[in-house]
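Down below is the structure, laid out as structure tokens.
The values are calculated or read from the model by the stated rules, or taken from the named source; none is laboratory data. A quick note: this is a predicted structure, and the numbers were derived from the prediction, not measured. A quick note on method: Cβ atoms are made from the backbone with ideal geometry, for glycine too, and the neighbour counts reach across all protein chains shown.
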Amino acid sequence: MDEQVVELTVNGITMVVRVEPRTTLVDALRDQCGLTGTHAACEHGVCGACTVLFDGQAVRSCLLFAVQSPGHEVVTVEGLTPSDGGLSPLQEALRRHHGLQCGFCTPGFVVSLTAFLAGTKSPTDEEILDACSGNLCRCTGYRGIVRAVRDVSRGLVE
Amino acid sequence: MKPAPFDLVRPETAEDALDRLHDLGDDARVLAGGQSLVPMLALRLVRFSTLVDISDIAELQGIDVRDGGWIRIGAGTRQSAVEQSPIVNSGVPLLARATPLIGHFQIRNRGTIGGALAHADPAGESPAVALTLDAVMEVRSKTSEWLVPADLFLKGTWTTCLEPDQLLLGVRFPVWGQRSGFAVKEVARRRGDFALVGAMCAVQLNDGNKIARSCITLFGVGATPIRCRAAEKELIGLPFSQVEGLGQLAAAEAEPRDDIHATGSYRRRVAATLVERGIREALDEALYG
């Protein structure tokens, strides 16, 4: 229950945080690491806004505690964005296809779909929709997001 | 939407975990993938003073083939690993087909098969597969170990035979072999939602193309999944071409109740259809491969 000092490896950098055991990874990333790209919405594993990569796998960071993270590699949406201020191919495709409006769900989609695209060569539309099912969007109706993923999977975005 | 305070310990071996559980008593809870437990903690449906985190214990993970036609899966094995395993895909087709229906890929990247079995959700796919195939659970405490068949392991809603000081170490699934077929049929409003109602069918034909073995399970129809034993019995000895009307018989064995997601009568009607479709699909596979 008492606070403890924990070392996280986030986007390749070691960060030291002071957290209670019950502090979720999303809260530690946002409040202590200053990485506010990862969003906290439902906080019970349904919406996907908190998605991060944990040892390369897309997971819900609201269902992980910061104290579970030592020894693992965390990548947030900030770590998927080129450091020169540009956009990744998926981010560019989302911009092109209006795959975001308010943007609140978008980091979760970027992380989930980046992982999906890395593991799937030529997804069908059915597979793309399936890959989106773990992230909720209230604004877009998902069409623009699917079009963006389609474009990236076909190598149409550099 | 934050959990109540707790301590979290991270034992490095199963033996350490069992020592901890033995010392901590029923105020402690095992944390595996956390995909079912942590939402409940966040919503404060449950509260424990200590979580025993076993999610990184390597010896609890792994899938291997055992003598006598069994495939053994470590309880800490991620659902995504189960889904992608060539051993599971060829040896336990029912499990390979049911696992992708669990939640979403992000859930399966953390959730474990042991956690799903120990959590025993009435609409969960993992408990339903275990019951259909009469899987055997490996249970251990600090001082003893047991092998428990699925129908004795699953006791009620979110209730198994596990005591607070016991750990599920692994689960053994039997390999059915030649001339067998399997099907999973479930209805959910959205991809990845809990099933409103589901059926699992497994059949095996003998050389004369008559049904030699059949297992039918309904889930989402009560506190635990149920085997439709009367319907299973009806199938034995039937030529594959004479299978008809088993859906009603199977569904009659369930007593689903109304809840906010669906009525009991809806569940029963849909269960009958899902069993019909499932048996047909499983038989097709048994016949034609």
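Numbers at a glance
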item	result
Unmet requirement for residue B:44, which otherwise passes all of (1) at pLDDT 95 or above; (2) farther than 21 Å from residue A:43 by Cα	(2)
Test: residue in the stretch A:12-25 that is within 14 Å of chain B (Cβ to nearest Cβ) and part of a helix (DSSP H, G or I)	yes
Enumeration of residues in the stretch A:62-80 that are of a type in the set (Ser, Thr, Tyr) and either more than 13 Å from the chain's Cα centre (by Cα) or over 20 Å from residue A:117 (Cα atoms) (or both)	A:69
Residue that is surrounded by the most Cβ atoms within 10 Å (Cβ to Cβ) [pool: residues in the stretch B:82-120 that are part of a helix (DSSP H, G or I) and free of Cβ contacts under 8 Å to residues at least 24 places away in the same chain]	B:106
Some residue of the stretch A:142-156 being modelled with pLDDT of 95 or more, under 17 Å from the mean Cα position of the chain (by Cα) and in a loop (DSSP other than H, G, I, E, B)	yes
Checking residue B:189 against (1) surrounded by fewer than 16 Cβ atoms within 10 Å (Cβ to Cβ); (2) at pLDDT 95 or above; (3) not aromatic (Phe, Trp, Tyr), the condition it does not meet	(2)
Test: residue in the stretch B:127-137 that is more than 14 Å from chain A (Cβ to nearest Cβ), without any contact (Cβ under 8 Å) to a residue 40 or more places away in the chain, more than 22 Å from residue B:214 (Cβ to Cβ) and buried (at least 18 other Cβ atoms within 10 Å of the Cβ)	yes
Selection within the stretch A:117-139 - more than 11 Å from every other protein chain (Cβ to nearest Cβ) and among the aliphatic types (A, V, I, L, M)	A:117, A:118, A:128
Qualifying residue in the stretch B:145-156 (condition: part of a loop (DSSP other than H, G, I, E, B) and either within 25 Å of residue B:175 (Cα to Cα) or out of contact with any His (no Cβ under 7 Å at 6 or more places or on another chain) (or both))	no
Residue in the stretch A:39-61 that is of a type in the set (Val, Ile, Thr), within 14 Å of the chain's Cα centre (by Cα) and more than 12 Å from every other protein chain (Cβ to nearest Cβ) present	no
Of residues in the stretch A:26-54 being without any contact (Cβ under 8 Å) to a residue 60 or more places away in the chain and under 19 Å from residue A:115 (Cα atoms), the one surrounded by the most Cβ atoms within 10 Å (Cβ to Cβ)	A:52
The stretch B:93-116, residues that are away from every other protein chain (no Cβ under 13 Å) and closer than 9 Å to residue B:79 by Cβ	B:99, B:113, B:116
Residue list for the stretch B:167-202, restricted to those being in a strand (DSSP E or B) and over 17 Å from the mean Cα position of the chain (by Cα)	B:180, B:181
Conditions (1) in contact with a strand residue (DSSP E or B) (Cβ under 7 Å, 6 or more places away or on another chain); (2) in contact (Cβ under 8 Å) with a residue 60 or more places away in the chain; (3) assigned to a loop (DSSP other than H, G, I, E, B): number failed by residue B:237	(2)
Considering residues of the stretch B:44-73 that are among the aliphatic types (A, V, I, L, M), surrounded by 14 or more Cβ atoms within 10 Å (Cβ to Cβ) and not in a loop (DSSP other than H, G, I, E, B) only, the residue farthest from the other protein chains (Cβ to nearest Cβ)	B:71
Residue B:260 vs. criteria of a type in the set (A, V, I, L, M, F, W, C) and more than 17 Å from residue B:273 (Cα to Cα)	yes
Selection count, the stretch B:194-211, where residues are crowded, with 17+ Cβ neighbours inside 10 Å and either within 14 Å of chain A (Cβ to nearest Cβ) or out of contact with any Asp or Glu (no Cβ under 9 Å at 6 or more places or on another chain) (or both)	5
Qualifying residue in the stretch A:76-95 (condition: facing chain B (nearest Cβ under 10 Å) and among the hydrophobic types (A, V, I, L, M, F, W, C))	no
